[in-house]
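To start, the structure under review is shown below, and the notes come after it.
Read-outs: derived from the displayed coordinates by stated rules, not from any lab. As the structure is a prediction and not an experimental result, all values here were calculated from the model. Here Cβ is always computed from backbone atoms with ideal geometry, including for glycine, and neighbour counts include all displayed protein chains.
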Amino acid sequence: MIYLSALTLGLLGSFHCVGMCGPIALAIPLKTDSWLIRILGGLIYNIGRAVTYAIMGAVFGLLGQGLVMSGFQQWVSIIMGAIMIVSVLVPNLYKNRFDTEKSVFGFVGKVKVGLRKLFTQSSHFSLFLIGLLNGLLPCGLVYFAIAGAIATGSFYSGSLFMFVFGLGTIPMLLAVSLIGNLITLELRKKLTRVIPYAIVFIGVLFILRGLSLGIPYLSPPEKAMTIPVEQAEETVPSCCH
């Protein structure tokens, strides 16, 4: 259920991504030999983005895992879910509190320089690198997915959550890369209005998961959620010990 929510967030969020990442998707240097080669190139670029998301998910999932090992698994899930819901219902609460653009401006500038260099090349490897760098650009939807990765409370689950989210964004952005902007701005605006509802829904899922109401798959009992310390330690990569 959690991974299905990640896929849903990716699918719906991709309509928002058309406005944010669409220009990059349109500009990627796809070879024009044949449609098969173009599709392969588009997939390689998008897989690169998904890989970056998976790495981010692993890092933040590891953070959540540390909280789980400290005995805060239920609270992590509840708090992350609450943050998702509050950020949608009271968007002005966090507005101007953190100037993301200024704080990461230097980093984003370097990423864009790297992208410009890669756009001059035309190879599958450069397309993959473009995708990797594209995944590093600031994006509100990615932040929501990161909150979900933390709430999974696991290095591997967090990585998979973010990877599935990335896969969900592929159909729309792949279509944009291949045949341009398929939908009108007005229709895209209508579709993106659904995104806040999806975020609230995912937030509710995480809160229910943390409450451990004994509902199979949706809100498993506390014992089913708890990871023994020994088992949790085994899931941490050896480099992190």
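What spacing in nm lies between the two simple spin-label points modelled at HIS124 and TRP75, each 7 Å away from Cα in the Cβ direction?
Distance between label points: 4.9 nm.
Does segment 123-213 come out rounded, prolate or oblate, given a ≥ b ≥ c as the square roots of the eigenvalues of its C-alpha gyration tensor, rounded meaning a/c under 1.5 and, failing that, prolate meaning a/b above b/c? It would help to have the intermediate numbers written out before the result.
Working: a/c = 2.90, a/b = 1.36, b/c = 2.12.
The shape class here is oblate.
Would you work out if segment 111-166 is rounded, prolate or oblate? Take a ≥ b ≥ c from the square roots of the eigenvalues of the alpha-carbon gyration tensor; rounded if a/c is under 1.5, else prolate when a/b is larger than b/c, oblate otherwise. Mind showing how you got there, number by number?
Details: a/c = 3.92, a/b = 2.22, b/c = 1.77.
The shape class here is prolate.
What does the convex hull of the alpha-carbon atoms of segment 1-95 project to on average, in nm²? List each step's numbers first, then the result.
Numbers: hull surface 33.8 nm².
Average projection, Cα convex hull of segment 1-95: 8.5 nm².
Any chance you could run the full-extension gain for LYS190 through LEU178? It's 0.36 nm times the residue separation minus the Cα-Cα distance, nm to one decimal. Intermediate values should be presented prior to the final figure.
Values: separation 12, 0.36 × 12 = 4.32 nm, distance 2.30 nm.
Extra length from LYS190 to LEU178 when fully extended: 2.0 nm.
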